[in-house]
Amino acid sequence: MELLRTFQAGLHKTQAKLFHEIKRIVTLSPKLTASTLEELETALLGADLGMTMTQQILAEVKKAYETQGRSGNDSFEIARREVEKSLAGSQSSLHRQSSGLTAVSIVGVNGTGKTTTAAKLASWIQGRGQTALLAACDTFRAAAIEQLKLWGQKLNVPVIAGAYHADPAAVAHDAIAAAQSRGADYLLVDTAGRLHTKNNLMQELQKVHRVMDKKLSGAPHETLLVLDATTGQTGLQQARKFTETSGVTGIVLTKLDGTAKGGVVIAIARELNLPIRYVGIGEKVDDLLPFEPERFIESLFEP
Ligand code: GDP
């Protein structure tokens, strides 16, 4: 119940847009005219459900109206059902090796919330009675190293960092060694923000991953791509490129609290075939929730 309320609070803007907008539209015009459908389309796209999902919902609404004479009021149920279908099976938790260290690489473009997510994850892992180490592999920005160290102090989690401008692959290598010698359950590697269009930086990320694999076979065992929900559909482009070049295994969608475009979760799950592992709903350390489709749907479609 507590978790549902937190989800609802985080999704407040999207829910307000989607729920109240659909309600307004169907109350004004329960008979479902061409203009009602157009308005519905605008509302669904406005919440960033994506073109494919939106068209699918509209087609189902139209079909129900034409074949069963159902009113526009049923649009909610239809939208909910279609969203449910597309999110089915998209839940899965953070990977854990059956024994030894699990190394997680955290990747994405600048400012999406990678460092904050690394800290939130460390805290979440601690909350489950397990241990984590953080690695500051964003060596391009001195501030990023400091930011992670501050989180480490706050959470009492060791942070392995190199010097400013050090080779990030070398830091990742040392961090694995440190995590292994301490017998940690997880190593969370915070990488530098990079544009998915910059080939040299994408190659650098591949090198970090190669070096990790050499030090610990199979590492990184999980590569989480952090996407900023407020950027909506642009995230899809980033995700495709990162997936092609750096073997993304799951998504963390941050800043859901700051957007009415939370429907992008649905577009991502549908089009990328990648699990959404967590969603970020604020700046505080416990503002990270494991993604649960049922709660997400309840939060979106209930008043
Ligand atoms: P990085 O450059 O990808 O490492 O991004 P940071 O972790 O430094 O985060 C960039 C900004 O986004 C910071 O001000 C964070 O506090 C903020 N942030 C991160 N996650 C969330 C979230 O889920 N919700 C909100 N509202 N802000 C977030």
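The values are calculated or read from the model by the stated rules, or taken from the named source; none is laboratory data. Since this is a predicted model, take the numbers as computed values, not measurements. Every residue, glycine among them, receives a Cβ derived from its backbone with ideal geometry; neighbour counts consider all protein chains shown. For the accessible areas, the whole protein counts, side chains as well, though only heavy atoms, and no ligand, DNA or RNA atoms are used. Shrake-Rupley method; radii C 1.70, N 1.55, O 1.52, S 1.80 Å.
As a summary of the residue check, GLY152 satisfies the conditions (1) open to solvent by 30 Å² or more (accessible area, probe 1.4 Å); (2) part of a helix (DSSP H, G or I) except for the one numbered (1). Here is the figure for the range 125-148: residues that are within 13 Å of the ligand (Cβ to nearest atom), open to solvent by 60 Å² or more (accessible area, probe 1.4 Å) and either under 20 Å from the mean Cα position of the chain (by Cα) or not aliphatic (A, V, I, L, M) (or both) total 4.
Residues in the range 135-160 that are small (Gly, Ala, Ser) and at pLDDT 95 or above: ALA135, ALA136, GLY152. With respect to SER90, is the statement that it is at pLDDT below 95 and either near the ligand (Cβ under 8 Å from one of its atoms) or closer than 24 Å to ALA269 by Cβ (or both) true? Yes, satisfied. Restricting VAL208, VAL226, VAL189, VAL171 to those that are more than 19 Å from the chain's Cα centre (by Cα), within 16 Å of the ligand (Cβ to nearest atom) and under 24 Å from PRO275 (Cβ atoms) reduces the list to VAL208.
Within the range 247-303, the set of residues being touching a residue at least 40 places away in the same chain (Cβ under 8 Å) and small (Gly, Ala, Ser) comprises GLY250, GLY258, ALA260, GLY262, GLY263, ALA267, ALA269, GLY280, GLY282, SER299. Take the conditions (1) open to solvent by 60 Å² or more (accessible area, probe 1.4 Å); (2) within 15 Å of the ligand (Cβ to nearest atom); LEU253 misses just one of them, which is (1). Every residue in the range 263-299 that is under 18 Å from ILE125 (Cα atoms) and more than 13 Å from the ligand (Cβ to nearest atom), please. Correct list: ILE276, ARG277, PRO290, GLU292.
Within the range 232-246, which residues are crowded, with 20+ Cβ neighbours inside 10 Å and without any contact (Cβ under 8 Å) to a residue 40 or more places away in the chain? Residues satisfying the conditions are GLY235, ALA239. Only one entry of LYS215, LYS198 meets the criterion of being open to solvent by 10 Å² or more (accessible area, probe 1.4 Å) and more than 16 Å from the ligand (Cβ to nearest atom), and that entry is LYS215. LEU4 meets all of the listed conditions (1) modelled with pLDDT under 80; (2) over 24 Å from GLY232 (Cα atoms); (3) in a helix (DSSP H, G or I) but one, namely (2).
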